[in-house]
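Notes to accompany the following structure.
No value in this document is a laboratory result; all are computed from the given coordinates. Remember, it's a predicted structure, so these values are computed and weren't measured experimentally. Every residue, glycine among them, receives a Cβ derived from its backbone with ideal geometry; neighbour counts consider all protein chains shown.
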Amino acid sequence: MIKISPSVLAADFSALGEEVADIERCGADMVHLDVMDGMFVTNISFGLPVIEALRKKSDMVFDVHLMIEKPERYVERFIDAGADILTFHYEATSVAEEIIDLIHKKGARAAVSIKPNTPAEVVFPYLDKCDMILVMTVEPGYGGQALIPETLLKVKRIREEADRRDISIDIQVDGGITPSNAADAIAAGANILVAGSSVFKAKDRCEAINALRT
Ligand code: DX5
Ligand code: ZN
């Protein structure tokens, strides 16, 4: 089953509650929340209070993507704020395994993400420890960029390694995902697609979500 996780980075920030309700109505499986600190990436998006406020308005699965330095500092607070899935970057920490354990101890699902230039192999030690791998298909930091095709080769390598070890892990792709390249991402082995612009900026969001899934 392919799951769609629309990223609110492309939504109307002045009406976030309504925007999340809208994609839920359209059958989105979860909502992707991009947290940026101006350090790990140059951009700054939003943080704890926004997620906390949205949590009061929505029962959707909150798929929180931390693009912050030393994510270990904030694991507990993001889960308390409402994260159901908490993704951190391999490049942002030296204690990945401890973070995965901490996320699990707090009762959330844990995911490790890699940037386009980080080799697929770095996540192999975590395949049997975490719930999801997020392969960035653009340089993190901004929505609306074009997918870097080579990143899908990494999706394939990770899916092959997981299959070889009989691990049924979720693999998420994020960045530049559109109805025209979704099939390539799925063929490479991804089963959760993040999409910001191609959902929130679409004329018909429900149609866009369906188009991604099929
Ligand atoms: C980029 C973010 C993405 C972004 C995707 O750093 O992690 O989640 O919102 O946006 P689109 O789908 O527009 O590339
Ligand atoms: Zn993201």
- [ ] Put one equal scatterer on each alpha carbon of segment 171-214, apply the Debye formula with no solvent term, and list log10 I(q)/I(0) at q = 0.13, 0.14, 0.16, 0.26 1/Å to two decimals.
- [x] -0.22, -0.26, -0.34, -0.87
- [ ] Net charge near GLN172: determine it from the other residues with C-beta under 10 Å of the C-beta of GLN172, scoring Lys and Arg +1 and Asp and Glu -1.
- [x] -2
Task: Long-range amide H partners of GLY176 with built H, under 5 Å - done: GLY144, GLN145, GLY196
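Given the rule -39500 (n - 2.57) for each run of at least 4 DSSP H residues, summed and divided by the residues of the chain, what is its mean residue ellipticity at 222 nm, to the nearest 500 deg cm²/dmol?
Calculated mean residue ellipticity at 222 nm is -9000 deg cm²/dmol.
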Open item on the list: If you wrap a convex hull around the alpha carbons of the chain, what volume per residue comes out, as a whole number of Å³?
Closed with: 107
Task: Highest-first arrangement of 46-52, 2-8, where packing means the average Cβ count within 10 Å - done: 2-8, 46-52
Open item on the list: Using just the Cα positions, wrap segment 128-214 in a convex hull and report its mean projected area in square nanometres, one decimal place.
Closed with: 5.7
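Say the cut-off is 22 Å between C-alpha atoms; which of LYS56/LYS129; LYS56/LYS106; LYS115/LYS154; LYS156/LYS201 go over it?
Over 22 Å apart, Cα to Cα: LYS56/LYS129; LYS156/LYS201.
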TODO: Could you tell me which Cys residues in the chain have no other cysteine's Cβ under 4.7 Å from their own Cβ, answering none if every one has a partner?
DONE: CYS130
Open item on the list: Taking the Kirkwood radius as the inverse of the mean 1/r across Cα pairs, report the Rg/Rh of segment 86-185.
Closed with: 0.96
TODO: On a C-alpha basis, how far is the centre of segment 1-33 from the centre of segment 45-65 in Å? Whole number, if you could?
DONE: 11
Task: Relative contact order of the chain, defined on C-alpha pairs under 8 angstrom at six or more residues apart (%) - done: 21
Task: ASP163 versus ARG55: modelled label distance in nm, points set 7 Å from Cα along the beta carbon direction - done: 3.8
Open item on the list: Considering all projection directions equally, how large on average is the shadow of the alpha-carbon convex hull of segment 29-140, in square nanometres?
Closed with: 6.6
